[in-house]
Amino acid sequence: MYRNLSRSLQTLHVCLLPKKGFTLPKTSVLNTLRPTSLSSSSRCLSTNSGFESEGSNQSRKSINYAAYASATGILAAGVAFVTWCVNKQEVAHCKQKRTPGSPVDKLPTYTTEDVRKHNSLKSRIWVTYKNGVYDVTDFVASHPGGDKIFLAAGKSLEPFFELYGIHKTKEVMEIVESLRIGNIYDTKPIKIEDAYKNDPERSMALTVNSEKPFNAEPPLSLLADTFLTPNSLFFVRNHLPVPVVDDKMLKTYQLEASVFDKQDTKPKHVKSLTLSDIKRLPKFEMDATMQCAGNRRKEMSQVKEVKGLSWNCGSISTAKWTGARLTDILKAMGFKDEDFNKKYIQFEGLDVDPTGTPYGSSIAMEKALDPNQCIMVAYEMNGEPVPADHGFPLRLIIPGVVGARNVKWLKKIVLSDEESHSHWQRKDYKCFNPSVDFNTCDFDTAYAVQETPVQSVISEPSASSSVSADDGYVTVRGYAFSGGGRGIARVDLSLDGGETWLNAELDNNGQSPYKSWAWTLWEATVPIPKNKKKLDLVCKAVDSSHNVQPERIEGIWNLRGLLNNSWHRVSVKVEG
């Protein structure tokens, strides 16, 4: 049970770092549990990549953001509680055999006004969910997300679950219910504007992994049909609701950039360019492939459970991007040479979480300034304005780097000696060895994922399909890609699980093998071996630096299910 509850830590928006040696006070309302010290090994409780916050400039006006933000903190408090439950007796007590939020006999009844009064450490901090009242006071002092908990003081958790229904899991609700102190009956239904109501329409052909926020991939059978992926079939990875950028906002829209020193209280040398200014800069076009760091996570979960959206092999797509080079934009803004001595360049989008914190990322300054890296700010995608789902009006394109760093709806650039403080830069999109779990990981010591490793996938035939022996041949097709500008030198294909190999034919992507930003499509038509009832198809790619895909998932398994580039395997029946 403890392990199951611990896994629910993925659903949180922040990492909890309990103070070393903290124990639950004897005066706690939860004093039926024996307090136990928290070890440093339980310090890292991370997030599910699919658990994202909401925000758009329009929707923020109509939504109680404090409630949403505070709910994140409350769940964080609930999860912190799990770390105290370290033996079977305590865990058994944590697991409540009742419907979360339902009335509980023999518990006191409180009113809405009662709950509102409990909004500080002095008065104790209470929150509600349906007919339940919960006291989280004893966690605030030891909880680094305490400021978020204070935002929730005297309020309801229900707005949070309205926004993130996919995370209203049994495990999470058990944790919340463990903080129960009473009942409430005079609450009124909370009317909440749907933060996602202005999201754009999407193609029905996409396979949806989550609705809110929207995440979807094209069918693998369609993915490798064309070199450039149609905009309607390009995979969608949203961490937050799509910001509304209408004509009125475009009139005042500016891309802002500044320099920020650690000791400063506000940015220096603030510069800006309008969308028209950027479009007047030298036009730069580039075919580039975008791949989510979680591509092929579903296969990794089949070896051992990981946390995150269950991507198949389709969270990768290629487009022709048109825009301006990042270096030209920075030059046009008039930054001085000394400004570029900073270690990092940070990027922020218009999409924000309930506290107003934007999605963000960062890369090393030397990479950002290298013209050979072809980093650009795009305003067109496949000859059309960048669609809303993909970052209108401006999307950062860092070719060969995982999609998480390619900030959509780009609004701000910051030159700094620090990495972005964004949750997705510091507390997510990082890899650990296969023996590390969420109780032993330390995100602060791990490198942020940047360039993607060499990858290849069979798109046709599909898994569990069949071929006819009478045809004599089978055509196998797929894609291959490697990050960092490394082209594909070879794709090896096997029909017998890797015992013997042959070379697939590569469709040249028109780019230098040492400055290659787009995938390579490949194909092989091979004889079907006689007397075979099954073909165990396997592919593996080799890039221009002779990096090759690893054979097995086990050696690269990681708790977030990132960068799965193991041999891709498809079993096909032979009929006739």
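Filtering region 325-351 to residues that are within 18 Å of residue 422 (Cα to Cα) and among the aromatic types (Phe, Trp, Tyr) leaves 344, 347.
Quick one: which residue in 557, 501 is free of Cβ contacts under 8 Å to residues at least 12 places away in the same chain and more than 30 Å from residue 372 (Cα to Cα)?
501
Within region 308-341, being of a type in the set (A, V, I, L, M) and either within 30 Å of residue 478 (Cβ to Cβ) or in a helix (DSSP H, G or I) (or both) holds for 309, 316, 319, 326, 329, 330, 332. Residue 228 meets the stated requirement of being in contact (Cβ under 8 Å) with a residue 12 or more places away in the chain, open to solvent by 30 Å² or more (accessible area, probe 1.4 Å) and under 27 Å from the mean Cα position of the chain (by Cα). For region 410-438, taking the residues that are open to solvent by 10 Å² or more (accessible area, probe 1.4 Å) and among the β-branched types (Val, Ile, Thr), the one that is farthest from residue 364 (Cα to Cα) is identified as 436. When residue 205 is tested against the conditions (1) of a type in the set (A, V, I, L, M); (2) open to solvent by 30 Å² or more (accessible area, probe 1.4 Å); (3) closer than 26 Å to residue 420 by Cβ, the lone failure is (3). In region 439-455, what count of residues is obtained for those that are of a type in the set (Phe, Trp, Tyr) and surrounded by fewer than 17 Cβ atoms within 10 Å (Cβ to Cβ)? Matching residues across region 439-455 total 1. Scanning region 348-366 for residues that are under 25 Å from residue 284 (Cα atoms), crowded, with 20+ Cβ neighbours inside 10 Å and either free of Cβ contacts under 8 Å to residues at least 40 places away in the same chain or over 16 Å from the mean Cα position of the chain (by Cα) (or both) returns 350, 363.
For region 451-474, does any single residue satisfy the condition of being within 24 Å of residue 288 (Cβ to Cβ) and either aromatic (Phe, Trp, Tyr) or without any contact (Cβ under 8 Å) to a residue 40 or more places away in the chain (or both)?
Within region 451-474 (the criterion being within 24 Å of residue 288 (Cβ to Cβ) and either aromatic (Phe, Trp, Tyr) or without any contact (Cβ under 8 Å) to a residue 40 or more places away in the chain (or both)), the answer is no, since none of the residues qualifies.
Restricted to region 342-409, the set of strands (runs of 3 or more DSSP E) holding at least 3 residues that are over 25 Å from residue 320 (Cβ atoms) comprises 344-352, 358-364.
Among the residues of region 263-307, the ones that are in a strand (DSSP E or B), hydrophobic (A, V, I, L, M, F, W, C) and modelled with pLDDT of 95 or more come to 5 in all.
I'd like the full set of residues that are within 19 Å of residue 463 (Cα to Cα) and either open to solvent by less than 10 Å² (accessible area, probe 1.4 Å) or outside any loop (DSSP other than H, G, I, E, B) (or both), limited to region 492-520. Listed by number, the residues that qualify are 492, 493, 494, 496.
Taken together, the residues in region 415-463 that are among the polar types (S, T, N, Q) and over 17 Å from the mean Cα position of the chain (by Cα) amount to 10. Open to solvent by 60 Å² or more (accessible area, probe 1.4 Å) and more than 23 Å from the chain's Cα centre (by Cα) - does that describe any residue in region 299-314? No, region 299-314 contains no residue that is open to solvent by 60 Å² or more (accessible area, probe 1.4 Å) and more than 23 Å from the chain's Cα centre (by Cα). Only residues that are under 18 Å from residue 189 (Cα atoms), within 38 Å of the chain's Cα centre (by Cα) and open to solvent by less than 70 Å² (accessible area, probe 1.4 Å) were counted across region 104-119, and they come to 2.
Filtered by the rule that a residue be loosely packed, with under 15 Cβ neighbours inside 10 Å and either closer than 30 Å to residue 561 by Cα or polar (S, T, N, Q) (or both), region 260-298 gives 263, 265, 272, 274, 276.
Residues in region 323-340 that are touching an Asp or Glu at 6+ places or on another chain (Cβ under 9 Å) and either closer than 19 Å to residue 287 by Cβ or free of Cβ contacts under 8 Å to residues at least 60 places away in the same chain (or both) were compared, and the one that is surrounded by the fewest Cβ atoms within 10 Å (Cβ to Cβ) is 332.
Residues of region 372-409 that are within 19 Å of residue 251 (Cα to Cα) and either polar (S, T, N, Q) or surrounded by fewer than 23 Cβ atoms within 10 Å (Cβ to Cβ) (or both): 379, 380, 385, 387, 388, 392, 393.
Just one of the listed residues (193, 177) is farther than 22 Å from residue 290 by Cβ and open to solvent by less than 10 Å² (accessible area, probe 1.4 Å), namely 177.
The values are calculated or read from the model by the stated rules, or taken from the named source; none is laboratory data. Since we're looking at a predicted model, the values are computed, not measured. Backbone-built Cβ (ideal geometry, glycine too); neighbour counts: all protein chains shown. The protein model used for the area step is the full one, side chains on, heavy atoms only, and it has no ligands, DNA or RNA in it. Shrake-Rupley method; radii C 1.70, N 1.55, O 1.52, S 1.80 Å.
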